[in-house]
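To start, the structure itself, in structure tokens.
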């Protein structure tokens, strides 16, 4: 059997039926790959084989509410505590005491919080695109409204059913416009919904797909979202304030596990943040920061836009930690 071939199965993650894609030897060191919004296991298609070739057991789940994994109906079942619990449940299902935990986009906060809340289960943590964000003195929705105005996209996502219907009306258009408009080589869009408009309003229709993205890739995302839709992922955003309440006990607590950060220079998440300021914030919250790389000409979809560089960085980091 080809050790780098991607295998699919379902596991019981403490009561959540979770779909995972995996590659590499079952007895190899585990590297968990946590996707963001609106994605699934497929976002890690390049890293699964690369990690397997290096001898790691690479595991990319569909996270809670996404693609083939269970999607609880209640919004309050998508807090950061649930999501970290899912990681722990997945490790238990794999029979792994510890793992390297890697996250991109929304997967990054899950990875950072897993390292913060359960350092005993984490050998090292890698964040792509989204740096760790210390808990602030005010509710996130209040901060966003003050800083960006009421049309900020995360605030638009708060009302159940609205963004869900918009994104699901034509999933192919949703994926094509979102993935292309926030890719490298384009100016990051201003993520603000105009009055009476929608999320896709600030994402222009591309003249052509970026080189890293094919029509077949979009086909896969559309197929993976055919049954679940977008509501599960949107419910993560609907717990921003609840997460702020739940994590008060860890205010100003550093993440002590070995850490690595990677982001694209055109990523809208870090747009406008001077590199020195970003590095200073990373060092303050990650006392064992092993590296921070900004990838030139790369946008938000880090591991898909720069697969070789990201895979190599993860492998090197995973080999360097105990």
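In this label model, residue 139 and residue 253 are separated by 2.4 nm, measuring between points 7 Å along each Cα→Cβ vector. Scattering from the chain was approximated by placing one identical point on each alpha carbon and applying the Debye formula without solvent; log10 I(q)/I(0) at 0.12, 0.15, 0.16 1/Å stands at -0.78, -1.34, -1.58.
Nearest 0.05, what FRET efficiency do residue 284 and residue 92 give at R0 = 30 Å with Cβ-Cβ as r? The computed FRET efficiency comes out at 0.40. Here the calculated FRET efficiency for residue 322 and residue 7, from their Cβ-Cβ distance with R0 = 22 Å, stands at 0.20, rounded to the nearest 0.05.
Shown here is the pair-distance distribution of the range 241-290: with all Cα-Cα distances grouped in 5 Å bins from zero up to the longest one, the shares run 5, 17, 20, 18, 23, 15, 2 percent. Compute the label zone of residue 169 within the range 192-228: residues whose backbone N is under 11 Å from the point 7 Å along Cα-to-Cβ. Counting only backbone N, you get 197-201.
Take the Cα of residue 148, step 7 Å along the line toward its Cβ, and report every residue of the range 272-298 whose backbone nitrogen sits under 19 Å from that point. Of the residues in the range 272-298, 272-274, 278 have backbone N under 19 Å from the label point off residue 148.
Using only alpha carbon pairs under 8 Å that are at least six residues apart, calculate the relative contact order of the chain and give it in whole percent. With pairs under 8 Å counted, the relative contact order is 20 percent. Taking every DSSP beta bridge that has both ends in the range 7-320, the antiparallel portion is near 35%.
With q set to 0.13, 0.14, 0.16 Å⁻¹, the log10 of I(q)/I(0) for the range 187-322, from the Debye formula over equal scatterers at the Cα positions, is -0.87, -1.01, -1.28. Compute the distance from the alpha-carbon center of the range 235-295 to that of the range 162-200, in whole Å. After rounding, the separation between the Cα centres reads 24 Å. Taking every C-alpha pair closer than 8 Å and separated by at least 6 residues, the mean separation divided by the residue count of the range 61-128 gives a relative contact order of 27 percent. Relative to the current alpha-carbon distance between residue 120 and residue 192, full extension at 0.36 nm per residue lengthens the span by 22.0 nm.
Contact order for the range 1-152, expressed relative to its length and based on alpha carbon pairs under 8 Å spaced 6+ residues apart, stands at 22 percent. Exposure proxy shown here: for 154, 18, the number of other Cβ atoms within 10 Å sets the order, fewest to most, as 154, 18.
Readers should treat all values here as calculations from the given coordinates under stated rules, not as data from a laboratory. Every value quoted in this text rests on a predicted model; they were computed, and no experiment measured them. With ideal geometry, Cβ positions are generated from the backbone for all residues, glycine too; neighbour counts draw on all protein chains shown.
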